[in-house]
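Colleague: If you scroll down you'll find the structure; I have some questions about it.
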Amino acid sequence: MSVTGRSLSLRDRLDQSVKGALSDMIFNGDYTAHFRAQLNRLKTENRYRHFVELERIVGRHPVALRHHNGAAQEVTVWCSNDYLGMGQHPDVIAAMRAAAAASGTGAGGTRNISGTSHALVSLEDELAALHGKECALTFTSGYVANEASLSALVAQLPDALILSDEMNHASIISGIKLSRAEKVIFRHNDVAHLEQLLAAQPNDRPKIIVFESVYSMDGDTSPIDEIAALARQYNALTYLDEVHAVGMYGAEGGGIAQMRGLDGAIDIIQGTLGKAFGAGGGYIAASDVICDTVRSNGSGFIFTTALPPAVAAAAHAAVRHLRHESTLRAAQQRQATRLKDGARAAGIPILEGDTHIVPVMVGDAAATMRICQLLLDEHGIYVQPINYPTVPRGTERLRLTPGPYHTDEMVDALVTALRSVMDQVADEGVSAQIAE
């Protein structure tokens, strides 16, 4: 079994999933029965998404309360995207409280109507400075940032071509679809294949290369320098998704591009405020003219209520804090290394990578679900299963995200519990596919 997770692109897996659901579908006129049958199909294929009710506790991250059957149980969260615990940082909470007390809870409308608050403008100035760009533009989420920016930019370019890494996120895929532009997919991180595709196009044809810095399911990084060099050679724009890297890499938390001294080599950097920055929203950072093009043409920006001032102020406080101190980043990397070392020593199969994301390979949907349930019920450890179509069938996994507030004892307890539970699931015969 391959554990690379790259046999099919995400868009292919999503398309296959939809086609599979439709292939044997017969509508009998009963809408409720029809929808229930499709949900039951997801359940039988172990692809139904179960939501665990968690209550985050300020000052105790990554510990949370699980509410279940009328009772509350303390659990340790191992799959949060609040990578550095900034959602509980005193400066961030104080900034949100002060802004809410001064400006209220809502934004008042879209940016065009009455939603361009001083807090939002200040945040965008900080984000532009973080990435060394002329301008930044915020959105209600990182997903919307990708959708609105890509579709708006491409719409202004005649006969544009998008070159997209096959492992790009669903939000990028959606933005490309909305643009209705021609697209070609290059093999994951394959610079030679990308150059082959670029060389086949006229030099004066508008082109945008879209890729990510950290790929969140495998924990690997992209060859930013080489891709940027190809873009310069073949007259293409570069669009880099840094959502799983901002706050955590680089001298000021600007991401992988900043860490490698390549901020200036990228035309558009896209990030999120809802992961390492612990707040909510998304953004792009680019030149004035690119940001203004998106601001003037992106429907996901124009017709959406703006981020509330309190959220913008909280995000601003987090960005400002992480630009000037690296203690949390260093602690996170230390705990990621400890977890990887412990997993290897225990014979737990992980995908090797140089980021904070630690994928534990299982290789079967039912086994992955069972492992997660046992970890939660018997060990108070919360982690969500990653199954098809997020990853290809046969590469189902757990996605662990150690952070600076996971203690050494928590790391060691996770490794011990995970080894025990994986052995238990194998003995139960839930699956013979657990990766080795």
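The values are calculated or read from the model by the stated rules, or taken from the named source; none is laboratory data. Bear in mind the structure is a predicted one, so any value in this text is a computation, not a measurement. Cβ atoms come from the backbone with ideal geometry, glycine included; neighbour counts cover every protein chain shown. To get the accessible areas, we keep the full protein, side chains included, count just its heavy atoms, and leave off ligands, DNA and RNA. Shrake-Rupley method; radii C 1.70, N 1.55, O 1.52, S 1.80 Å.
Colleague: Determine the per residue accessible area of the chain with all protein chains present and a 1.4 angstrom probe, expressed in square angstrom. Could you put the intermediate results ahead of the total?
Modeller: Working: 18440 Å² over 436 residues.
Value returned for the chain: 42 Å² of accessible area per residue.
Colleague: Select from L351, L137, L42 the residue whose mean-square fluctuation is largest in a Gaussian network model of the chain (Cα-Cα springs shorter than 10 Å).
Modeller: Judging by the Gaussian network model, the answer is L42.
Colleague: Compute a Gaussian network model of the chain, connecting alpha carbons closer than 10 Å, and tell me which residue from H244, H169, H193 fluctuates the most.
Modeller: Per the Cα network of the chain with a 10 Å cutoff, H193 tops the list.
Colleague: Please give the FRET efficiency for E352 paired with H118, using the beta carbon to beta carbon distance and R0 = 56 Å, rounded to the nearest 0.05.
Modeller: E(calc), rounded to 0.05, equals 0.75.
Colleague: Can you pull the percent of the stretch 189-287's accessible area that's carbon plus sulfur, 1.4 Å probe, other chains left in place? Working shown, then result.
Modeller: Numbers: 1320 of 2770 Å².
Ligands and nucleic acids excluded, carbon and sulfur give 48 percent.
Colleague: Okay, moving on. In nanometres, what is the gap between the two model label sites at R49 and H193, each 7 Å from Cα along Cα-to-Cβ?
Modeller: About 2.7 nm, to one decimal.
Colleague: Related question: Compute the signed sum of charges (Lys and Arg +1, Asp and Glu -1) over the other residues within less than 13 Å, Cβ to Cβ, of E182. Before the final figure, lay out each step's value.
Modeller: Details: positive: K177, R180, K183, R205, K207; negative: D159.
Net local charge, E182 excluded: +4.
Colleague: Calculate the translational D of the stretch 128-283 in whole µm² s⁻¹ from Stokes-Einstein, where the hydrodynamic radius comes from the Kirkwood formula applied to all Cα pairs, the temperature is 10 °C and the viscosity 1.306 mPa s.
Modeller: Reported coefficient: 103 µm²/s.
Colleague: Still on this structure, I have one more. Reported to two decimal places, what Rg/Rh ratio describes the stretch 300-436 when computed on Cα atoms with Rh from the Kirkwood expression? Write down the numbers at each step before the final one.
Modeller: On the way: Rg = 18.2 Å, Rh = 16.8 Å.
Across the stretch 300-436, the Cα-based Rg/Rh ratio is 1.08.
Colleague: Which whole-Hz couplings ³J(HN,Hα) result when phi for each residue of the stretch 262-269 is put into the Karplus expression 6.51 cos²θ - 1.76 cosθ + 1.60, θ = phi - 60°, listed in order with x for Gly and Pro?
Modeller: For the stretch 262-269, the Karplus curve yields 10, 3, x, 8, 10, 6, 10, 10 Hz.
Colleague: Continuing with the same structure: Return the aspartates and glutamates within reach of K340: Cα separation strictly under 12 angstrom, same-chain partners fewer than 8 residues apart disregarded; answer none if there are no such residues.
Modeller: E352, D354, D412
Colleague: Could you work out what % of the accessible surface of the stretch 23-117 is carbon and sulfur, using a 1.4 angstrom probe and leaving DNA, RNA and ligands out of the count?
Modeller: 53
Colleague: Read phi for every residue in the stretch 133-141 and hand back ³J(HN,Hα) as whole Hz from Karplus 6.51 cos²θ - 1.76 cosθ + 1.60, θ = phi - 60°, with x for Gly and Pro.
Modeller: 10, 5, 8, 9, 9, 9, 9, 6, 7
Colleague: Across the chain, what fraction of all alpha-carbon pairs, as a whole percent, falls in each successive 10 Å bin from zero upward?
Modeller: Bins of 10 Å from zero give 4, 20, 29, 28, 16, 3, 0 percent of pairs.
Colleague: What are the semi-axes of the equivalent ellipsoid for the stretch 24-141, taken as the square roots of 5 times the Cα gyration tensor eigenvalues, largest first, in whole Å?
Modeller: Working: eigenvalues 292, 125, 51 Å².
So the three semi-axes of the stretch 24-141 are 38, 25, 16 Å.
Colleague: What aspartates and glutamates does K133 reach when the alpha-carbon gap must be under 17 Å and sequence neighbours fewer than 8 apart in one chain are set aside?
Modeller: Result set, ordered by chain and number: E124, D125, D241, E242, E252, D263, D267, D288, D292.
Colleague: Let me ask something else about it. How do 58-69, 180-191 rank on mean C-beta neighbours within 10 Å, highest first?
Modeller: Put in order of decreasing packing, that is 180-191, 58-69.
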